[in-house]
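S.K.: I'd like to ask you about the structure that follows.
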Amino acid sequence: MEKTIEIRWHGRGGQGTVTAAKVLADACLSGGRHVQAFPEYGPERAGAPLRAYNRISDHIIRMYCPVLHPNVICIADATLIDGINVTEGARDNSIFVVNTSKDPGEIRKKLDAKPEQKVFTVDATKIALECIGRALPNASMLGAVSRATGIVSMEVLLENVEKSFGKKFSRKIIDGNLDATKRGYEEVREG
Amino acid sequence: MGKIVAVTGNEAVAESLRQVNPDVCAAYPITPATDLMQRFSSFISDGKVDTEMVLVESEHSAMSACIGAAAAGGRVATATSSQGLALMWEMLFIAAGDRLPIVMPVVNRALSAPLNIHGDHSDTMGARDSGWIQLYSETAQEAYDNAIQAFRIGEHPDIRLPVMVCMDGFIVSHSIERVEYLEDAEVRNFVGEYMPVNPLLDIDNPKSYGPLILTDLYHEYKRAQHEVMTRVKNVVLEVAADFEKLSGRKYGLFETYRLDDAEIAIVILNSAAGTTKDVVDSYRSKGIKAGLLKPRMFRPFPYEEVAAALSHLKAIAVLDRADSFGGYGPLFSEICGAVMSMDGKPPMINRIYGLGGRDYMPNQAEKVLDELVGIAETGKVHTLKDYIGLRE
């Protein structure tokens with residue numbers, strides 16, 4: 001693993017992308033690591049494209065600016081691939097995790113991914129609809145990111161999903177999100 | 001040792017206020033400080049502190065209520081940002097002139113017009129001359145640590161002055177990062193029991209605050225205020241030494257980074273210093289002797305100590321996240337003041353960056369360092385004040 005892992009999230013307002021970045025930061029705190037999570041703040045509105053970032057490192061993190069060359073790019077809404085340049089600043093070995101029902105090979109082609117770049121897909125919206133009854137793909141995306149990158153174990157991730165969702169939601173919603181996280185982990189595919 | 005958590009700057013500072021448990025807090029919400037006070041008022045609602053919250057109709061009233069409560073004999077805190085601080089302006093001078101040790105986290109944000117909610121230092125730089133102590137914070141950890149130390153500093157019997165604790169809006173206030181909290185009991189013991197001085201509520205010994213002083217003594221009063229400020233430095237260092245014993249984290253009047261053997265250096269405040277340190281490292285690995293100085297205490301400004309730390313340099317860039325239209329940036333002016341009595345002053349440049357939250361990216365620091373390399377070689381400065389990170 002690199003000294004510092006930098007992640008860029010692409011999502012749309014209202015999908016829980018910022019929450020996903022926050023939960024991931026919390027989960028990665030384990031083992032004495034340093035973390036950052038921050039969204040790009042603009043006039044937030046449902047459906048508008050947004051970016052959020054994580055930095056995770058064994059060392060103190062001093063950079064206070066958006067991630068330019070992400071190791072991991074998480075795309076919570078595949079329709080964004082058509083609208084914005086999600087590969088901007090990607091490294092030759094970046095990992096893409098995309099929420100889509102499409103085949104990872106097809107997405108790889110669409111992203112025009114380089115040979116060393118890895119492309120993972122997960123139908124996070126479908127999982128969310130089945131587990132929590134709403135199209136909020138963040139929990140299943142987190143499960144998929146855990147599997148694709150290995151930056152955090154499922155056990156620790158689930159603890160933090162529980163902790164984070166537990167502050168606001170009923171037991172039913174928490175359990176739904178825990179299931180969605182597990183299924184994201186199990187159902188993610190590489191292409 | 002306390003907990004290690006992943007929290008925002010606002011969350012960390014709200015936690016410090018919970019641990020200090022002030023007597024009175026009067027506040028009015030303003031982005032990006034709203035979230036800080038919202039969290040603290042939840043602590044009040046949940047019975048986790050016994051602070052009396054005074055909800056007011058403006059920041060002017062918030063500071064007025066803080067002044068009243070502090071004069072009455074209470075330990076008082078509030079928080080604000082940008083236009084809120086601007087609206088307090090009149091009352092800031094009264095808090096300082098009455099020597100009331102109010103602690104106020106300020107989440108740095110640009111001033112209107114045009115309207116902008118993002119981070120720069122225009123707000124606190126505008127309050128520079130109000131008589132408040134100003135501490136600046138690079139990280140959420142520093143904001144938390146500074147807020148705790150601010151109570152001890154402001155309330156110190158040698159000075160008794162209000163303190164602003166500044167951190168960058170959104171960049172720190174709304175970003176999640178790793179913070180080490182102290183235990184509640186450690187913070188309580190560190191700040192200690194509040195010792196009121198001349199409280200209005202001591203009705204057996206009536207007194208008055210802020211009376212009329214005309215040409216007879218006003219001049220002397222203001223001179224006395226400056227005199228008090230000269231004592232702040234020692235108090236800040238004394239409190240920092242105690243804080244280091246407690247936390248293991250070291251604070252001074254300013255921080256230097258790879259400066260001792262540096263030939264060129266950037267002077268910069270708050271979060272942008274962090275980004276700059278990473279760039280300094282990359283220049284060091286290329287064999288370029290770069291360094292950094294980050295003021296922590298901006299008021300009073302430690303001129304002599306800063307001058308001594310910068311005296312060996314061949315070129316200095318002072319980066320300001322605030323402007324004085326038709327003048328130099330406020331930090332640049334202070335650094336000029338610091339080095340003016342030095343023999344063979346190093347050439348200096350002033351670069352304005354990041355206004356209204358414009359991202360300060362590593363390539364901006366790189367460009368500045370590249371320019372400094374040239375200035376160090378030739379001794380020639382082409383443009384004294386300029387803007388970086390502009391859209392081309």
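The values are calculated or read from the model by the stated rules, or taken from the named source; none is laboratory data. Keep in mind it's a predicted model, so treat the numbers as computed, not measured. FYI the Cβ positions are ideal-geometry reconstructions off the backbone, even for glycines, and counts take in every protein chain you see. These area figures cover heavy atoms from the full protein model, side chains too; ligands, DNA and RNA do not enter into them. Shrake-Rupley method; radii C 1.70, N 1.55, O 1.52, S 1.80 Å.
S.K.: Just to be sure, is A:Ala90 open to solvent by 10 Å² or more (accessible area, probe 1.4 Å) and at pLDDT below 95?
M.R.: no
S.K.: Report, by residue number, each residue of segment B:105-150 that is in contact with a Lys or Arg (Cβ under 7 Å, 6 or more places away or on another chain) and more than 13 Å from chain A (Cβ to nearest Cβ).
M.R.: First, pick out the residues of segment B:105-150 that are in contact with a Lys or Arg (Cβ under 7 Å, 6 or more places away or on another chain): B:117-121, B:123, B:128, B:132-136, B:138, B:145.
B:Asp120, B:His121, B:Asp123, B:Arg128, B:Trp132, B:Ile133, B:Gln134, B:Leu135, B:Tyr136, B:Asp145 - these are the residues of segment B:105-150 that are in contact with a Lys or Arg (Cβ under 7 Å, 6 or more places away or on another chain) and more than 13 Å from chain A (Cβ to nearest Cβ).
S.K.: Looking at A:Gly105, is it more than 14 Å from chain B (Cβ to nearest Cβ) and open to solvent by 10 Å² or more (accessible area, probe 1.4 Å)? Please lay out each step first, then the result.
M.R.: Working: more than 14 Å from chain B (Cβ to nearest Cβ): yes; open to solvent by 10 Å² or more (accessible area, probe 1.4 Å): yes.
For A:Gly105, the condition - more than 14 Å from chain B (Cβ to nearest Cβ) and open to solvent by 10 Å² or more (accessible area, probe 1.4 Å) - is met.
S.K.: One residue is enough: does segment B:74-81 have a residue meeting the conditions open to solvent by less than 40 Å² (accessible area, probe 1.4 Å) and more than 30 Å from B:Ala185 (Cβ to Cβ)?
M.R.: Here is the first cut: in segment B:74-81, the ones open to solvent by less than 40 Å² (accessible area, probe 1.4 Å) are B:74-81.
Checking the rest, the ones that are also more than 30 Å from B:Ala185 (Cβ to Cβ) come to B:81.
Yes: segment B:74-81 contains one or more residues that are open to solvent by less than 40 Å² (accessible area, probe 1.4 Å) and more than 30 Å from B:Ala185 (Cβ to Cβ).
S.K.: Same structure, new question: Which members of segment B:300-347 meet the condition of being assigned to a strand (DSSP E or B) and surrounded by fewer than 22 Cβ atoms within 10 Å (Cβ to Cβ)?
M.R.: Here is the first cut: in segment B:300-347, the residues assigned to a strand (DSSP E or B) are B:315-320.
Listed by number, the list is empty, since nothing qualifies.
S.K.: Could you please let me know if B:Arg249 is within 30 Å of A:Val67 (Cα to Cα) and in contact with a Gly (Cβ under 7 Å, 6 or more places away or on another chain)? Please lay out each step first, then the result.
M.R.: Working: within 30 Å of A:Val67 (Cα to Cα): yes; in contact with a Gly (Cβ under 7 Å, 6 or more places away or on another chain): no.
Considered against the rule, which asks whether it is within 30 Å of A:Val67 (Cα to Cα) and in contact with a Gly (Cβ under 7 Å, 6 or more places away or on another chain), B:Arg249 comes out as no.
S.K.: Quick check on B:Phe40: is it of a type in the set (Phe, Trp, Tyr), open to solvent by less than 60 Å² (accessible area, probe 1.4 Å) and in the same structural domain as B:Glu142 (by TED's automatic domain parsing)?
M.R.: Values: of a type in the set (Phe, Trp, Tyr): yes; open to solvent by less than 60 Å² (accessible area, probe 1.4 Å): yes; in the same structural domain as B:Glu142 (by TED's automatic domain parsing): yes.
Taking the combined requirement at face value, the residue satisfies it.
S.K.: Here is a follow-up. B:Ala240 - would you say it is buried (at least 20 other Cβ atoms within 10 Å of the Cβ), more than 25 Å from B:Ile316 (Cα to Cα) and out of contact with any helix residue (DSSP H, G or I) (no Cβ under 6 Å at 6 or more places or on another chain)? If you could, list the steps in order and put the result at the bottom.
M.R.: On the way: buried (at least 20 other Cβ atoms within 10 Å of the Cβ): yes; more than 25 Å from B:Ile316 (Cα to Cα): yes; out of contact with any helix residue (DSSP H, G or I) (no Cβ under 6 Å at 6 or more places or on another chain): yes.
Against the criterion (buried (at least 20 other Cβ atoms within 10 Å of the Cβ), more than 25 Å from B:Ile316 (Cα to Cα) and out of contact with any helix residue (DSSP H, G or I) (no Cβ under 6 Å at 6 or more places or on another chain)), B:Ala240 qualifies.
S.K.: In segment B:148-173, which residue that is within 18 Å of B:Thr124 (Cβ to Cβ) and not hydrophobic (A, V, I, L, M, F, W, C) is surrounded by the fewest Cβ atoms within 10 Å (Cβ to Cβ)? Lay out the reasoning, then the answer.
M.R.: The first filter runs over segment B:148-173 and keeps only residues within 18 Å of B:Thr124 (Cβ to Cβ), leaving B:149-150, B:153-154, B:161-173.
So of that shortlist, the ones also not hydrophobic (A, V, I, L, M, F, W, C) come out as B:149, B:154, B:162, B:168-169, B:173.
On the way: B:Gln149: 25, B:Gly154: 27, B:Pro162: 27, B:Asp168: 32, B:Gly169: 30, B:Ser173: 29.
Of everything passing the filter in segment B:148-173, B:Gln149 is surrounded by the fewest Cβ atoms within 10 Å (Cβ to Cβ).
S.K.: Same structure again: Only one of A:Gly42, A:Gly14 is surrounded by fewer than 21 Cβ atoms within 10 Å (Cβ to Cβ), away from every other protein chain (no Cβ under 11 Å) and assigned to a loop (DSSP other than H, G, I, E, B); which? Break it down into steps so the answer makes sense when it comes.
M.R.: Working: A:Gly42 fails: away from every other protein chain (no Cβ under 11 Å).
Step by step, each of A:Gly42, A:Gly14 is checked, and only A:Gly14 is surrounded by fewer than 21 Cβ atoms within 10 Å (Cβ to Cβ), away from every other protein chain (no Cβ under 11 Å) and assigned to a loop (DSSP other than H, G, I, E, B).
S.K.: Residues being assigned to a helix (DSSP H, G or I) and in contact (Cβ under 8 Å) with a residue 40 or more places away in the chain: count how many of those fall in segment A:147-166.
M.R.: First, pick out the residues of segment A:147-166 that are assigned to a helix (DSSP H, G or I): A:147-149, A:154-166.
Adding the requirement that they be in contact (Cβ under 8 Å) with a residue 40 or more places away in the chain leaves A:147-149, A:156-157, A:159-161, A:163-164.
Residues that pass the stated criteria total 10.
Listed here are the residues, each with its yes/no results for (1) assigned by TED's automatic domain parsing to the domain that holds B:Ala110; (2) crowded, with 16+ Cβ neighbours inside 10 Å; (3) closer than 26 Å to A:Pro66 by Cα.
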{"position": "B:Trp132", "(1), (2), (3)": "yes, yes, no"}
{"position": "B:Ser137", "(1), (2), (3)": "yes, yes, yes"}
{"position": "B:Glu142", "(1), (2), (3)": "yes, yes, yes"}
{"position": "B:Asn146", "(1), (2), (3)": "yes, yes, yes"}
{"position": "B:Leu182", "(1), (2), (3)": "yes, yes, no"}
{"position": "B:Ala185", "(1), (2), (3)": "yes, no, no"}
{"position": "B:Val191", "(1), (2), (3)": "yes, yes, no"}
{"position": "B:Pro206", "(1), (2), (3)": "yes, no, no"}
{"position": "B:Leu214", "(1), (2), (3)": "yes, no, no"}
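S.K.: Right, something else. Looking at (1) open to solvent by 20 Å² or more (accessible area, probe 1.4 Å); (2) at pLDDT 95 or above, which is the one condition that is false for A:Ile84?
M.R.: Here A:Ile84 meets the rest and fails (2).
S.K.: Condition first: touching a residue at least 12 places away in the same chain (Cβ under 8 Å) and more than 20 Å from B:Ala273 (Cα to Cα). Now tell me which residues in segment B:325-352 satisfy that. Reasoning before the result, please.
M.R.: If we filter segment B:325-352 for residues that are touching a residue at least 12 places away in the same chain (Cβ under 8 Å), which is where we start, we get B:328-332, B:334-339, B:341-342, B:346-352.
Residues satisfying the conditions are B:Gly337, B:Val339, B:Ser341, B:Met342, B:Pro346, B:Pro347.
S.K.: If a residue must be open to solvent by less than 70 Å² (accessible area, probe 1.4 Å), away from chain A (no Cβ under 14 Å) and within 13 Å of B:Ala290 (Cβ to Cβ), how many such residues does segment B:356-374 contain?
M.R.: Adding up the residues that qualify gives 5.
S.K.: Anything in segment B:97-130 that is surrounded by fewer than 22 Cβ atoms within 10 Å (Cβ to Cβ) and not polar (S, T, N, Q)? List them, or say none.
M.R.: Step one: filter segment B:97-130 for residues surrounded by fewer than 22 Cβ atoms within 10 Å (Cβ to Cβ), giving B:97-99, B:111-117, B:126, B:128-129.
Selection gives B:Gly97, B:Asp98, B:Arg99, B:Leu111, B:Ala113, B:Pro114, B:Leu115, B:Ile117, B:Gly126, B:Arg128, B:Asp129.
S.K.: Considering only residues that are open to solvent by 10 Å² or more (accessible area, probe 1.4 Å), more than 9 Å from chain B (Cβ to nearest Cβ) and not acidic (Asp, Glu), which ones fall in segment A:46-77? Full working, then the answer.
M.R.: Taking segment A:46-77 and keeping what is open to solvent by 10 Å² or more (accessible area, probe 1.4 Å), we get A:46-51, A:58-64, A:66, A:68-69, A:71, A:77.
The next check asks that each one be more than 9 Å from chain B (Cβ to nearest Cβ); those that pass are A:46-51, A:58-59, A:69, A:71, A:77.
Those that are open to solvent by 10 Å² or more (accessible area, probe 1.4 Å), more than 9 Å from chain B (Cβ to nearest Cβ) and not acidic (Asp, Glu): A:Ala46, A:Gly47, A:Ala48, A:Pro49, A:Leu50, A:Arg51, A:His59, A:His69, A:Asn71.
S.K.: Still on this model: How many residues, within segment B:152-192, are within 14 Å of another protein chain (Cβ to nearest Cβ) and of a type in the set (D, E, K, R)? I'd like the intermediate steps shown before the answer.
M.R.: So in segment B:152-192, the residues within 14 Å of another protein chain (Cβ to nearest Cβ) come out as B:167-181.
If we keep only those that are of a type in the set (D, E, K, R) as well, we get B:168, B:177-178, B:180.
Result for segment B:152-192: 4.
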